[in-house]
1. Can you pull out every residue in the range 1-26 that is hydrophobic (A, V, I, L, M, F, W, C) and within 18 Å of Phe81 (Cβ to Cβ)?
2. Got a sec? Which of Ala198, Ala159 is modelled with pLDDT of 90 or more and closer than 25 Å to Ile260 by Cβ?
3. Would you be able to tell me the number of residues in the range 315-338 that are farther than 18 Å from Arg206 by Cβ and either in contact with a Ser or Thr (Cβ under 6 Å, 6 or more places away or on another chain) or aromatic (Phe, Trp, Tyr) (or both)?
4. Please enumerate the residues belonging to the range 201-226 that are free of Cβ contacts under 8 Å to residues at least 60 places away in the same chain and charged (D, E, K, R).
5. Tell me whether the range 122-129 contains one or more residues that are more than 20 Å from Gln223 (Cα to Cα), modelled with pLDDT of 90 or more and not in a helix (DSSP H, G or I).
Amino acid sequence: MTITQKELADRVRQARIACGMKQEDVAENLEVSRPTYTQIENGNRAISSLELTRLAYLFGRDLREFVADSSSNDDPLAVLFRAHPDVGESEGIADALRDCAALARELSNLEQLLGISRDAQAPPAYAHPAPTSRREAVQQGLRTAEDERRRLGLGDKPAPDICELLEVQGIRTGKAKLPEEISGLTLYDKTVGFFVVANENHHWLRRRFSYAHEYAHVLLDRQRCGSVSVVSARNDLLEVRANVLAAAFLMPESGVAEFIASLGKGKASRTYTSVFDEEGSVPVEGRTEPGSQDLQLYDVVQLAHNFSVSRQAALYRLKNLGFLKEPELERLKAEDLDKGNQVSTLLGFNEVSHEHARNEFRHRFVSLALEAYRRDKISRKKLLELGGMVDVGGEDLTALLQSLGLDTPEDREADVLLPGEGA
């Protein structure tokens, strides 16, 4: 059934309201006057395919939702904008979120076209109530991290690749160029499922922590349908809980203690025991050599490398577990800023810079797009469009197609979108 112009206009208006956008903002993005856009929403002016494509992007919707037999306002991006109105009002952040939502939809579409099932068992939802104090947030985060590690059979060992861990549980992962103040985000849609994104501009070790942080939101805050992790909100109780869970999941207390013990450290400066004989007990006091238990920067570097976390994350975890006091923490933080990279290199831990870290999401996304193109599921024009979404240039893709024998003059002459691909 084909919807009428008035029905389409109503859907556009409802989508705009759900995202909290004003008519003048949408008009500016469409490069039309506000009266012209008002005529669109009133159903008095037809919407071109290019305008509808742009509107779908602005509102974080799948283009097909506007022309389907039925529509829904339960859109994850609209939910995020309502929950974080300050985020929706910031043009740079809002556009970054729209890009993430578009990536999630396109990845889901590619998997559906190729018959790839996402029916894997999703992780459990932990039914902790929203914390009412910082102490409660910390306790819930620690308890959930322990439960989840136990469920996954990780024991005390370092966590595996977080992206792979999420993917096998049906949670899509990705990277996107987000503003500096956003470390990551979580989207949930009934058709797309969970989609967890980390900031591509951040170091790969920080992204690993961000993925674990967003995993906490999947486990504990599923009813929210999505969240944005912003630095300015780090003191919010839900963010505190997620940060605690991420740190404990990546660096379990018993695992950290065992590693510190392997360095010959972590013992108390004084120990007390009693030796019993038939007449009674004899108290015995032991002392460690002064300074022998002090953690040094090279110890922190080894710990961080062992658990694949940043040195700063390792330092704060040591502080929270009682291995460091505040003065020691500040001393080691200063030493790390001055000599951390040098010590890491001397110990043979050559860190991968975030510019050259593996981009698993882009590899998978482009590979699926190439397979869909090879099987005539998408057009060449759509393939180039998808490549552009993850910064793969058209010339590079064209050269790859030619080397694979998938690009012919006939293909280039038929460089049009297939039905259903949009404008």
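1. Hits for the range 1-26 are Val12, Ala15, Ile17, Ala18, Cys19, Met21, Val26.
2. After applying the criteria, what remains is Ala159.
3. The number of residues fulfilling the criteria is 1.
4. Residues satisfying the conditions are Glu214, Asp221.
5. The answer is no; no qualifying residue exists.
Residues checked against (1) farther than 19 Å from Ala242 by Cβ; (2) outside the structural domain of Ala104 (by TED's automatic domain parsing); (3) out of contact with any helix residue (DSSP H, G or I) (no Cβ under 7 Å at 6 or more places or on another chain); (4) surrounded by fewer than 18 Cβ atoms within 10 Å (Cβ to Cβ):
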position	(1), (2), (3), (4)
Gly141	no, no, no, no
Glu148	no, no, no, no
Pro158	yes, no, no, yes
Leu185	no, no, no, no
Phe194	no, no, no, no
Glu200	yes, no, yes, no
Tyr211	no, no, no, no
His217	no, no, no, no
Leu220	no, no, no, no
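Let's see how each residue does on (1) out of contact with any Gly (no Cβ under 7 Å at 6 or more places or on another chain); (2) closer than 15 Å to Phe66 by Cβ:
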residue	(1), (2)
Arg11	yes, yes
Gly20	no, no
Glu24	yes, no
Ala27	yes, no
Asn44	yes, no
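Rundown of residues vs (1) buried (at least 19 other Cβ atoms within 10 Å of the Cβ); (2) within 30 Å of Gly170 (Cα to Cα); (3) at pLDDT 85 or above, yes/no style:
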{"site": "Asp236", "(1), (2), (3)": "no, yes, yes"}
{"site": "Ser269", "(1), (2), (3)": "no, no, no"}
{"site": "Thr273", "(1), (2), (3)": "no, no, no"}
{"site": "Glu289", "(1), (2), (3)": "no, no, no"}
{"site": "Ser292", "(1), (2), (3)": "no, no, no"}
{"site": "Ala304", "(1), (2), (3)": "yes, yes, yes"}
{"site": "Ser308", "(1), (2), (3)": "no, yes, yes"}
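The values are calculated or read from the model by the stated rules, or taken from the named source; none is laboratory data. Quick caveat: nothing in here was measured; it's all calculated off a predicted structure. With ideal geometry, Cβ positions are generated from the backbone for all residues, glycine too; neighbour counts draw on all protein chains shown.
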